[in-house]
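Step one of this worksheet: look at the structure below.
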């Protein structure tokens, strides 16, 4: 996600807050709130190659005259339907209508319903060509979060990849389900959770029901201590620095590129820094990895050794890509392409740094390759 996109989204948020209450009809909502957001996403309402209004979405031979408010197009094909409602309308009442449009058009992978304030995105994970009952993504434009903006960036015309969005949808559904289960487990601390904790703690006892019940209160206490510790840690970091002479506020743009003071031809972009952050979330905290930028590419190294690079990132404006030191197998390529990414030779195209998360297993395998001294001894002898 680039800074310009973020700024336009934040400006749109303020616009919706100011004029939303005035959009009492569907048509006003479309013109004032919905079309401006589509324009930010690169879908101009004035370009019929990208946006078709009142697009026909009939079940052949069953019901004629069904039209969805907007169909978004990429490369001549419809990729997403949008059903628009007025600003104050309850979207729950209109999801069946959107479902009919979606189910009638198998080539469309994503659909959305919006009142200009709330956007709900759907796909067909449960049953092919049948819209899911629950949205995989819901965004409140008036209270937009950083992660919402990152997600919306993937809906840009120049980023739009239906299969990648289906993968995003699947991950979002899993995330919601896992979060719900973890939250419930931490609240209830049932015997299954007690058994899991005791097993991971390598408790040398038979896990009979009587034993698990006897330690249930201890696990509950451990959960409370852990949660409290995490909260306190979050509140206390970063610590407030001691008072010194007043300084001017730091106006450094966090999205601005960083120029190497020793070589002004080496410029570390925001995307490169984001990529390193994501790789750090993939690998265990104790692993010794470092980022190193050059004029040609951005590397992530094991123990700072330039010959033990976990990946190299080429931050091209047109096709950003990564290369791993390990050879891609046919299974790897199949999984990569299934996740919506493209393989070109030994390079994997990742339009945004977030897409490195879809390649987590390759990052881990590359780290294992770099940690194995034997790989480098053999290479040295061959030279």
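The values are calculated or read from the model by the stated rules, or taken from the named source; none is laboratory data. This structure is a prediction, so every number in the text was calculated from the model and none was measured. Cβ: placed from backbone, ideal geometry, glycine included. Neighbour counts: every protein chain shown.
Quick grid of which residues meet (1) more than 25 Å from the chain's Cα centre (by Cα); (2) without any contact (Cβ under 8 Å) to a residue 40 or more places away in the chain; (3) on the phi > 0 side of the Ramachandran plot:
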residue: 5; (1), (2), (3): no, no, no
residue: 12; (1), (2), (3): no, no, no
residue: 21; (1), (2), (3): yes, no, no
residue: 25; (1), (2), (3): yes, no, no
residue: 56; (1), (2), (3): yes, yes, no
residue: 71; (1), (2), (3): no, yes, no
residue: 83; (1), (2), (3): no, yes, no
residue: 93; (1), (2), (3): yes, yes, no
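Only a single criterion out of (1) crowded, with 23+ Cβ neighbours inside 10 Å; (2) touching a strand residue (DSSP E or B) at 6+ places or on another chain (Cβ under 7 Å) is not satisfied by residue 115, namely (2).
Could we say that residue 324 is buried (at least 18 other Cβ atoms within 10 Å of the Cβ), more than 25 Å from the chain's Cα centre (by Cα), under 18 Å from residue 278 (Cα atoms) and assigned by TED's automatic domain parsing to the domain that holds residue 365 here? Answer is no for this residue. The residue list 366, 316, 339 contains one member that is within 27 Å of residue 147 (Cβ to Cβ) and exposed (fewer than 15 other Cβ atoms within 10 Å of the Cβ), which is 316.
Scanning region 20-61 for residues that are modelled with pLDDT under 90 and surrounded by 18 or more Cβ atoms within 10 Å (Cβ to Cβ) yields 55, 57.
Evaluating residue 92 against the criteria (1) surrounded by 22 or more Cβ atoms within 10 Å (Cβ to Cβ); (2) within 23 Å of residue 177 (Cα to Cα) leaves one unmet condition, (1). Applying the criterion of being part of a loop (DSSP other than H, G, I, E, B) and within 20 Å of residue 354 (Cβ to Cβ) to the residues of region 254-283, the residue that is modelled with the highest pLDDT is 269.
Note on region 118-130: residues that are closer than 14 Å to residue 90 by Cβ and surrounded by 22 or more Cβ atoms within 10 Å (Cβ to Cβ) amount to 0.
Condition check: in contact with a strand residue (DSSP E or B) (Cβ under 6 Å, 6 or more places away or on another chain) and in a strand (DSSP E or B). Does residue 300 satisfy that? Yes, satisfied.
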